[in-house]
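Peer 1: One structure coming up, written as C-alpha cells, with questions to follow.
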C-alpha cells in the first residue's frame, strides 16, 4: 500500500498558515490513498491440452502411427460437439531416440528410433464437458493430458464490480485518515487505475484410478477479478 497523505496534509496546513487570509481556498489540499476490490464468479469455460506421443524405429513409421491416432482424437472431439475453432494444434515435434548412456562406449551414439508428439489445446464452452472429454480422449488413444484449467469467458461484469469495490475501499480508508488528521474529506480530484487482474486459468481436475468406471470427476470452483486504484481526494 502506498500512503502519502500525512506528508501532503501537513505540507498543505503549514503552507496555509503562512498565507494571507483568503489564499487558503485557492490552494490544493489533497490526500492520496490506494484501494482494492475483488469480485468472484463461477468459471463457464474449461481448457485442456492433450496429445499423442508415438515411438517407432523409423520417423516415417512413428509419423504414420501418430497420424492414425490423432485422426481418431480429432474425430472424437467432433463427436463431442466441439467446433473446429475451439481446437488448436499447439505442438508438433520429431525427436530421435538414443540408447541408454554407456560411459564405456566411446563411439557416436546411434539413433534407435524416433518419437513423434502432436498436441492440441481444446476449449470447452461448458465446464461439465471436461470429465467426459478427458475420458473420451484417453479412450481414443491420447496418451498425454498436459493440463486442464478453467476460465470465465466474459469477465467484464466482474471487472466492473471489482473496480467499484476498489473505489469504495479507497474512500473508506481516506475517511479514516482524514478523521484522524482532523480534516474533512472532500470530492475526488483524480483516479488512477493501478491494475486489474482478470481471472487466471486454474487447474481443477481430480483424476480417478484407471479401473474406475465413473467418468473422471472435475470441479470448477470459483475465480476472482481484482482491481487496484489510487485515488486523490480533496481535504478541507
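The values are calculated or read from the model by the stated rules, or taken from the named source; none is laboratory data. Note that the structure is predicted; figures quoted are calculated from it, not measured. In this analysis, Cβ positions are derived from the backbone assuming ideal geometry, glycine residues included, and neighbour counts consider all displayed protein chains.
Peer 1: From the list 138, 168, which one is surrounded by fewer than 19 Cβ atoms within 10 Å (Cβ to Cβ), free of Cβ contacts under 8 Å to residues at least 24 places away in the same chain and either out of contact with any helix residue (DSSP H, G or I) (no Cβ under 9 Å at 6 or more places or on another chain) or not in a strand (DSSP E or B) (or both)?
Peer 2: 138
Peer 1: When the residues of segment 77-103 are narrowed to those that are modelled with pLDDT of 95 or more and in contact with a helix residue (DSSP H, G or I) (Cβ under 7 Å, 6 or more places away or on another chain), which ends up surrounded by the fewest Cβ atoms within 10 Å (Cβ to Cβ)?
Peer 2: That would be 94.
Peer 1: A further question on this structure: Determine whether segment 90-97 contains at least one residue that is farther than 21 Å from residue 223 by Cβ and out of contact with any strand residue (DSSP E or B) (no Cβ under 9 Å at 6 or more places or on another chain).
Peer 2: No, the conditions are met nowhere in segment 90-97.
Peer 1: Residue 182 - would you say it is loosely packed, with under 15 Cβ neighbours inside 10 Å and in contact (Cβ under 8 Å) with a residue 40 or more places away in the chain?
Peer 2: Spelling it out, it is not the case that residue 182 is loosely packed, with under 15 Cβ neighbours inside 10 Å and in contact (Cβ under 8 Å) with a residue 40 or more places away in the chain.
Peer 1: Anything in segment 48-73 that is in contact with a helix residue (DSSP H, G or I) (Cβ under 7 Å, 6 or more places away or on another chain) and either assigned to a helix (DSSP H, G or I) or more than 30 Å from residue 130 (Cβ to Cβ) (or both)? List them, or say none.
Peer 2: Selection gives 56, 72, 73.
A quick yes/no check of all residues on (1) modelled with pLDDT of 95 or more; (2) surrounded by 15 or more Cβ atoms within 10 Å (Cβ to Cβ); (3) not in a loop (DSSP other than H, G, I, E, B):
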site: 175; (1), (2), (3): yes, yes, yes
site: 193; (1), (2), (3): no, no, yes
site: 196; (1), (2), (3): no, yes, yes
site: 200; (1), (2), (3): no, no, no
site: 212; (1), (2), (3): no, no, no
site: 226; (1), (2), (3): no, yes, yes
site: 230; (1), (2), (3): yes, yes, yes
site: 233; (1), (2), (3): yes, yes, yes
